[in-house]
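Contents: one structure, followed by commentary.
The values are calculated or read from the model by the stated rules, or taken from the named source; none is laboratory data. Since the model is a prediction, treat every value here as computed from it, not as a measurement. With ideal geometry, Cβ positions are generated from the backbone for all residues, glycine too; neighbour counts draw on all protein chains shown.
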Amino acid sequence: MSATTTYPNYSPGLEGVIGGISTISEIVSETSTLVFRGYDVHELASKGTFEQTAYLLIFGKLPNQSELSQFKETLSSEREVPNAVYDAIRALPKSVHPMDMARAGFAVVAPFDPDYAAPATDMDANRRKAVRIIAKASTIVGNGQRILEGKEPLKPNPSHSIAQNFLHLVNGDEPDTETAHVFDSSLSVYAEHGFNASTFACRVTVSTLSDLYSGIVSGIGTLKGPLHGGANEEAMRMLLEIGEPENAEAWIHDALANKKKIMGFGHREYKKRDPRAIYMTKVAKELCERKGMPKWAKIADILENVMETEKGIYPNVDFPAAYAYYSLGIPIDLYTPIFVVARVAGWSAHAVEQLSNNRLIRPSCIYEGPGQLPWVDIEQR
Ligand SMILES: CC(C)(COP(=O)(O)OP(=O)(O)OC[C@H]1O[C@@H](n2cnc3c(N)ncnc32)[C@H](O)[C@@H]1OP(=O)(O)O)[C@@H](O)C(=O)NCCC(=O)NCCS
């Protein structure tokens with residue numbers, strides 16, 4: 001049930017509260033559009049590459065050919081991570097969720113950044129850090145996953161894109177062009193999304209003049225929850241539980257009757273359709289057909305129809321991303337860490353923006369505890 005309040009100036013969950021001014025992305029709920037610095041996310045995902053999207057988010061414009069070449073060269077040269085990161089991941093229990101591994105990986109890599117000691121308000125240093133974070137994310141998650149599976153990390157191939165690097169490290173082979181393209185476009189779609197919970201957490205962290213990496217670690221911890229990034233994994237587990245299209249209708253009616261939250265549906269900002277879901281649904285359903293797994297698209301159709309007619313609630317991006325990644329053979333536990341590989345670009349852009357015009361983020365709360373009580377000595381309590 002939604003939280004309610006009788007206080008006039010308080011909105012539970014800060015729903016509808018303006019938390020800041022940003023030039024990074026705009027969500028227009030009424031028209032189901034999402035733009036990154038003026039560019040529609042559908043175009044960025046279908047016509048561009050994740051590298052171009054990341055450049056746009058960090059530097060505020062789409063790169064020209066020579067800027068893109070230079071950016072890709074820097075990303076390639078910054079892609080490897082110190083062995084200390086791998087050693088720390090090896091020290092974790094093998095059963096940890098890869099989000100815990102990603103959070104540990106970024107905590108360990110932070111002090112190795114050559115700009116780590118630069119003041120939090122040094123914008124050039126922050127952008128250099130942002131590029132290193134974007135470059136290293138797919139290696140930390142991809143090789144971190146290998147270590148959790150008891151395998152050795154692989155050396156990243158400098159000619160790979162970020163999408164190819166991730167797929168290569170996770171699967172140990174050369175990704176085919178179609179897989180790399182679908183995966184790459186999903187990274188663009190996931191890269192940024194306004195003042196969502198993890199981005200807000202990142203901005204709160206850097207607003208104390210803490211460092212960019214601490215902002216990323218806050219972001220990862222916040223993204224992990226099933227009401228945020230973790231929904232893509234939960235959505236796939238739900239589809240697997242349903243199993244076959246003929247089970248879907250009864251399953252969803254039963255779940256709704258039992259007041260279950262259907263993972264991958266609903267959104268705080270979009271009361272109609274999530275534009276990222278519109279794009280990813282098309283990509284994911286075509287992919288299911290091509291990979292010989294049409295049943296996931298069929299089950300998705302049924303759930304979407306029932307959710308729309310019964311609840312007026314539509315899928316968010318995590319729903320189609322779930323069966324797209326499943327069709328690509330990616331382990332389910334990696335779906336939220338993939339979100340990290342993409343969202344580090346948005347988090348970093350927001351951290352840079354926050355620090356370029358910083359004011360400590362420190363809201364107030366309404367006190368509902370007891371009034372003033374007299375002190376009682378411990379022997380008398
Ligand atoms: C994303 C989400 C947290 C947004 O939540 P919110 O703005 O706080 O909205 P609420 O959770 O208060 O939901 C409002 C109403 O819609 C219903 N609702 C929202 N999402 C629902 C879902 N996925 N399944 C079933 N009912 C849902 C709620 O039960 C509530 O109904 P009620 O008022 O009768 O209790 C919520 O839609 C959700 O939990 N979705 C599933 C998790 C998910 O996919 N997260 C990824 C987001 S990108």
Of everything in region 221-237 that's surrounded by fewer than 24 Cβ atoms within 10 Å (Cβ to Cβ) and charged (D, E, K, R), which residue is nearest to Val141 (Cα to Cα)?
Lys224
Test for Val28: is it in contact with a Lys or Arg (Cβ under 7 Å, 6 or more places away or on another chain) and either crowded, with 16+ Cβ neighbours inside 10 Å or closer than 21 Å to Ala197 by Cβ (or both)
no
Where residues in region 276-291 are more than 9 Å from the ligand (Cβ to nearest atom), of a type in the set (Lys, Arg) and surrounded by 16 or more Cβ atoms within 10 Å (Cβ to Cβ), which of them is nearest to Lys47 (Cα to Cα)?
Lys285
Quick check on Ser198: is it surrounded by 20 or more Cβ atoms within 10 Å (Cβ to Cβ), more than 13 Å from the ligand (Cβ to nearest atom), among the hydroxyl-bearing types (Ser, Thr, Tyr) and under 18 Å from the mean Cα position of the chain (by Cα)?
no
If you check every pair at least six apart or on different chains, which have Cβ atoms under 6 Å apart with a residue in region 309-325 that is near the ligand (Cβ under 7 Å from one of its atoms) first and a residue that is in a helix (DSSP H, G or I) and modelled with pLDDT under 95 second?
Asp318/Ala231; Asp318/Asn232
Would you point out which residue out of Ile162, Ile133 is within 22 Å of the chain's Cα centre (by Cα), among the aliphatic types (A, V, I, L, M) and under 11 Å from Val81 (Cα atoms)?
Ile133
Which numbered condition Arg273 misses (of (1) more than 7 Å from the ligand (Cβ to nearest atom); (2) closer than 19 Å to Tyr326 by Cα; (3) surrounded by 16 or more Cβ atoms within 10 Å (Cβ to Cβ)):
(2)
Against the condition of a type in the set (S, T, N, Q) and within 16 Å of the ligand (Cβ to nearest atom), how does Asn143 come out, does it pass?
no
Which one of these is modelled with pLDDT of 95 or more and under 23 Å from Glu152 (Cα atoms): Ala125, Ala130, Ala91?
Ala91
Within region 199-289, helices (runs of 4 or more DSSP H) holding 1 or more residues that are under 30 Å from Asp122 (Cβ atoms)
212-223
On the given criteria, is Ala255 surrounded by fewer than 22 Cβ atoms within 10 Å (Cβ to Cβ), within 10 Å of the ligand (Cβ to nearest atom) and free of Cβ contacts under 8 Å to residues at least 24 places away in the same chain?
yes
Result of the Cβ filter at 6 Å on region 356-381, keeping first residues that are outside any loop (DSSP other than H, G, I, E, B) and partners that are of a type in the set (A, V, I, L, M), at least 6 apart or interchain, is Ser356/Met123
In region 234-255, what residues are within 27 Å of the chain's Cα centre (by Cα) and of a type in the set (A, V, I, L, M)?
Ala235, Met236, Met238, Leu239, Leu240, Ile242, Ile252, Ala255
Qualifying positions in region 292-311 - farther than 15 Å from Gly266 by Cα and either buried (at least 17 other Cβ atoms within 10 Å of the Cβ) or over 25 Å from the mean Cα position of the chain (by Cα) (or both)
Gly292, Met293, Pro294, Lys295, Trp296, Ala297, Lys298, Ile299, Ile302
Which residue pairs have Cβ atoms closer than 8 Å, lie 6 or more positions apart in sequence or on different chains, and pair a first residue in region 336-349 that is assigned to a helix (DSSP H, G or I) with a second residue that is of a type in the set (Lys, Arg)?
Thr336/Lys224; Ser348/Lys129
Can you find a residue that is surrounded by fewer than 21 Cβ atoms within 10 Å (Cβ to Cβ), away from the ligand (no atom under 12 Å from the Cβ) and not small (Gly, Ala, Ser) anywhere in region 333-350?
yes
Apart from one, (1) more than 13 Å from the ligand (Cβ to nearest atom); (2) surrounded by 15 or more Cβ atoms within 10 Å (Cβ to Cβ); (3) without any contact (Cβ under 8 Å) to a residue 40 or more places away in the chain all hold for Ile242; the odd one out is (3)
Restrict the check to region 215-233 and report whether at least one residue is hydroxyl-bearing (Ser, Thr, Tyr) and within 16 Å of the ligand (Cβ to nearest atom).
yes
Which of the residues belonging to region 31-61 are farther than 16 Å from Gly194 by Cβ and free of Cβ contacts under 8 Å to residues at least 12 places away in the same chain?
Glu43, Lys47
Being away from the ligand (no atom under 16 Å from the Cβ) and of a type outside the set (D, E, K, R) is the filter here, so list the residues in region 201-213 that pass it.
Cys202, Val204, Thr205, Val206, Ser207, Thr208, Leu209, Ser210, Leu212, Tyr213
